[in-house]
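A.B. asks: A single structure is presented below for examination.
The values are calculated or read from the model by the stated rules, or taken from the named source; none is laboratory data. In this text the structure is predicted, and so the values were computed from the model without any measurement. Cβ placement follows ideal geometry from the backbone for every residue including glycine, while neighbour counts extend to all protein chains displayed.
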Amino acid sequence: MTQQLEDSTPPAEPDPRRWWALALLCGAFFMVILDAAIVTVALPSIEEELGFSAQGLQWVVSAYALTFAGLLLLGGRAADLLGRRGVFMVGVVLFTVASLLCGLAWSDEALIGARAFQGIGAAVMTPSALSIITTTFEEGPERNKALGIWGALGGIGATTAWLIGGPIVDGLGWEWIFFINIPVGLAALALSPLVLRESRATLARRSFDPAGALTITGALALLVYALVEAPDRGWGDPQTIFLLAGSGVLLAAFVLIESRQSAPLVPLRIFRSRMIVGANAVMLVFGTLPYGLGFILTLYAQQVLGYSAVKFGLTSLVFPAMAALGSVFGQSFVLRVGFRPVAAAGMALMGGGALLLTQVSVGGTYFGDIFFGLLVFGPGVGLAFVTASIAALAGVPERESGLASGLSNTSFQIGAALGVAIVTTVAISRTENYMAANTGANRLVALTEGFQSAFLAVAVLAGIGVALALLLLGRPRGVPQEQVAVLTVSSLAPCPEVEPSPASAPAGD
């Protein structure tokens with residue numbers, strides 16, 4: 001087999017700037033992960049100041065997730081073909097400019113557009129950053145350590161976003177959750193030429209497959225828009241039917257394009273593996289749960305209970321603490337008992353936590369209505385995420401680990417967008433039905449009725465996750481114990497795709 005990557009063999013001498021490079025790349029990654037979740041705590045303030053409708057508010061989260069998910073693999077390929085450092089810097093520019101536009105947004109439409117633009121920047125910057133790490137550090141303990149640091153910072157950003165966001169929103173204003181990215185982005189741009197080496201892959205076929213990326217992104221956007229608008233329009237309305245049909249057509253076009261591309265973004269043969277299909281199905285459903293629950297919980301706490309953003313962030317600390325605990329135990333549990341029971345247990349805990357939150361009330365208290373739900377939901381997040389992440393890479397040849405990890409992260413981002421859309425649809429439908437049936441009803445009571453139904457929807461989604469975990473996941477194969485921690489943390493971010501040789505394509509399992 002001919003060599004395809006000019007940098008497939010590590011340099012004779014380690015790059016003396018590699019740890020500075022890691023610090024820079026981890027800082028950029030922390031910014032991306034933090035921004036994906038920190039916006040949740042600012043939603044009530046954003047809704048009030050920019051006049052968002054109840055349906056429109058979810059697009060502040062979904063617009064970012066959709067463009068991030070749809071263009072993530074394309075960003076990884078662009079980095080490999082055009083030069084990883086250069087593409088990383090382009091991604092930083094896009095993300096930084098988008099952050100400025102988000103903070104300056106003068107209307108709801110302007111913020112949604114800027115968030116979608118920000119997701120594009122994240123999709124370009126993140127896979128190129130991880131690709132630089134894998135080509136800068138020699139395979140072995142040093143690379144594992146670097147990936148561990150990368151993943152740990154991503155985990156910190158994802159689980160502490162509410163805690164960090166609260167003081168920023170209350171002290172400086174919601175705009176500053178975006179403005180804080182600007183000095184980080186400018187510093188990354190200034191330092192990149194100094195500490196990052198340029199590298200690129202030398203492939204026999206130079207294909208970006210933009211048609212594949214655009215069709216899958218369009219399909220997802222139409223699906224989410226249909227779900228959000230259906231409560232007002234009706235499920236039998238021509239607009240809803242047209243949007244759902246359009247989403248189906250674009251999805252079919254994506255499959256057709258990928259089947260005919262000589263170098264597709266997503267080689268369809270990878271789905272011959274039942275483990276990969278199962279892991280991505282579980283990851284997609286998993287993605288709906290923390291984002292869906294977090295979206296509704298922040299609205300309930302701040303709009304019904306009257307919490308400030310700071311108070312909400314502080315009282316949510318139990319959630320990241322329990323999620324971290326679940327992650328620690330999840331790694332060892334997977335190796336002892338297999339994927340099915342651990343993933344199913346994680347999903348069941350999240351479902352149980354969501355069911356506890358269905359009892360929230362207008363005159364609720366933190367310990368009476370929120371604490372125990374988060375206490376149960378948190379460890380489920382850790383267990384399910386670790387299991388799905390490891391399963392997504394189990395038995396995958398090293399040459400395809402980037403593709404498998406990228407698919408896993410794409411599934412998670414798609415789940416995030418769908419989860420927020422689903423809970424928004426359920427909450428609005430229930431609130432409007434309650435108001436229609438109870439003329440003159442208290443607005444907070446109606447909102448709480450909607451939030452209760454949304455938490456129930458999260459529990460139902462978790463039940464679907466339990467079923468998928470039991471039906472599709474098997475026992476761990478092909479993952480040595482010493483690699484488990486690295487796989488877990490490195491899968492927090494998308495790997496760039498490395499195109500395999502057709503002659504060496506795996507047969508699947």
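A.B. asks: Can you tell which of Phe52, Phe68 is part of a loop (DSSP other than H, G, I, E, B) and modelled with pLDDT of 85 or more?
C.D. replies: That would be Phe52, the only listed residue that is part of a loop (DSSP other than H, G, I, E, B) and modelled with pLDDT of 85 or more.
Quick grid of which residues meet (1) touching a residue at least 40 places away in the same chain (Cβ under 8 Å); (2) of a type outside the set (Gly, Ala, Ser); (3) touching a Phe, Trp or Tyr at 6+ places or on another chain (Cβ under 9 Å):
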site	(1), (2), (3)
Asp15	yes, yes, yes
Leu24	yes, yes, no
Ala36	yes, no, yes
Ser45	yes, no, yes
Phe52	yes, yes, yes
Gln55	yes, yes, no
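The rows are residues; the columns are (1) modelled with pLDDT of 90 or more; (2) out of contact with any Cys (no Cβ under 6 Å at 6 or more places or on another chain); (3) under 29 Å from Gly140 (Cβ atoms); (4) not in a helix (DSSP H, G or I).
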| site | (1), (2), (3), (4) |
| --- | --- |
| Ser401 | no, yes, yes, no |
| Glu432 | no, yes, no, no |
| Gly440 | no, yes, no, yes |
| Leu444 | yes, yes, no, no |
| Gln452 | yes, yes, no, no |
| Gly463 | yes, yes, no, no |
| Val466 | yes, yes, no, no |
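A.B. asks: Which residues, taken from the range 229-254, are under 19 Å from Gly70 (Cα atoms) and of a type in the set (Val, Ile, Thr)?
C.D. replies: Once the filter is applied, which keeps residues that are under 19 Å from Gly70 (Cα atoms) and of a type in the set (Val, Ile, Thr), the range 229-254 yields only Val249.
A.B. asks: Show the residue pairs that are 6+ apart or on different chains and have beta-carbon atoms under 7 Å apart, the first residue being within the range 225-252 and assigned by TED's automatic domain parsing to the domain that holds Thr215, the second being surrounded by fewer than 14 Cβ atoms within 10 Å (Cβ to Cβ) and not in a helix (DSSP H, G or I).
C.D. replies: Going by the 7 Å Cβ cut-off, the qualifying pairs are Thr240/Gly234.
A.B. asks: Tell me the residue from Ala253, Ala245 that is within 21 Å of Leu73 (Cβ to Cβ) and surrounded by fewer than 18 Cβ atoms within 10 Å (Cβ to Cβ), please.
C.D. replies: Answer to the check: Ala253.
The rows are residues; the columns are (1) surrounded by fewer than 24 Cβ atoms within 10 Å (Cβ to Cβ); (2) at pLDDT 90 or above.
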site: Met322; (1), (2): yes, no
site: Leu325; (1), (2): yes, no
site: Met347; (1), (2): no, yes
site: Val360; (1), (2): yes, yes
site: Ile370; (1), (2): no, yes
site: Val376; (1), (2): yes, yes
site: Pro379; (1), (2): no, yes
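A.B. asks: Could you tell me whether any residue of the range 48-65 is within 25 Å of Tyr291 (Cα to Cα), β-branched (Val, Ile, Thr) and either in the same structural domain as Val224 (by TED's automatic domain parsing) or surrounded by 24 or more Cβ atoms within 10 Å (Cβ to Cβ) (or both)?
C.D. replies: Going residue by residue through the range 48-65, those that are within 25 Å of Tyr291 (Cα to Cα) are 48-65.
Now narrow it down to the ones that are β-branched (Val, Ile, Thr): 60-61.
Filter once more, so that each one left must be either in the same structural domain as Val224 (by TED's automatic domain parsing) or surrounded by 24 or more Cβ atoms within 10 Å (Cβ to Cβ) (or both): 60-61.
Checked against the condition, which is being within 25 Å of Tyr291 (Cα to Cα), β-branched (Val, Ile, Thr) and either in the same structural domain as Val224 (by TED's automatic domain parsing) or surrounded by 24 or more Cβ atoms within 10 Å (Cβ to Cβ) (or both), the range 48-65 yields at least one hit.
A.B. asks: What's the number of the only condition in (1) surrounded by 24 or more Cβ atoms within 10 Å (Cβ to Cβ); (2) in contact with a Phe, Trp or Tyr (Cβ under 7 Å, 6 or more places away or on another chain); (3) of a type outside the set (Gly, Ala, Ser) that Leu111 fails to meet?
C.D. replies: Only one criterion is unmet by Leu111, namely (2).
Yes or no, residue by residue, for (1) buried (at least 24 other Cβ atoms within 10 Å of the Cβ); (2) among the basic types (Lys, Arg); (3) free of Cβ contacts under 8 Å to residues at least 24 places away in the same chain:
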position: Ile257; (1), (2), (3): no, no, no
position: Arg260; (1), (2), (3): no, yes, yes
position: Leu265; (1), (2), (3): yes, no, no
position: Met275; (1), (2), (3): yes, no, no
position: Leu284; (1), (2), (3): no, no, no
position: Thr288; (1), (2), (3): yes, no, no
position: Phe295; (1), (2), (3): yes, no, no
position: Val310; (1), (2), (3): no, no, no
position: Gly313; (1), (2), (3): yes, no, no
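A.B. asks: Got a sec? Which of Arg206, Arg200 is of a type outside the set (A, V, I, L, M), over 30 Å from Ile428 (Cβ atoms), surrounded by 14 or more Cβ atoms within 10 Å (Cβ to Cβ) and modelled with pLDDT under 80?
C.D. replies: Answer to the check: Arg200.
A.B. asks: Moving on. Within the group Leu407, Leu403, Leu383, Leu357, which residue is within 20 Å of the chain's Cα centre (by Cα) and closer than 24 Å to Met322 by Cα?
C.D. replies: Leu383
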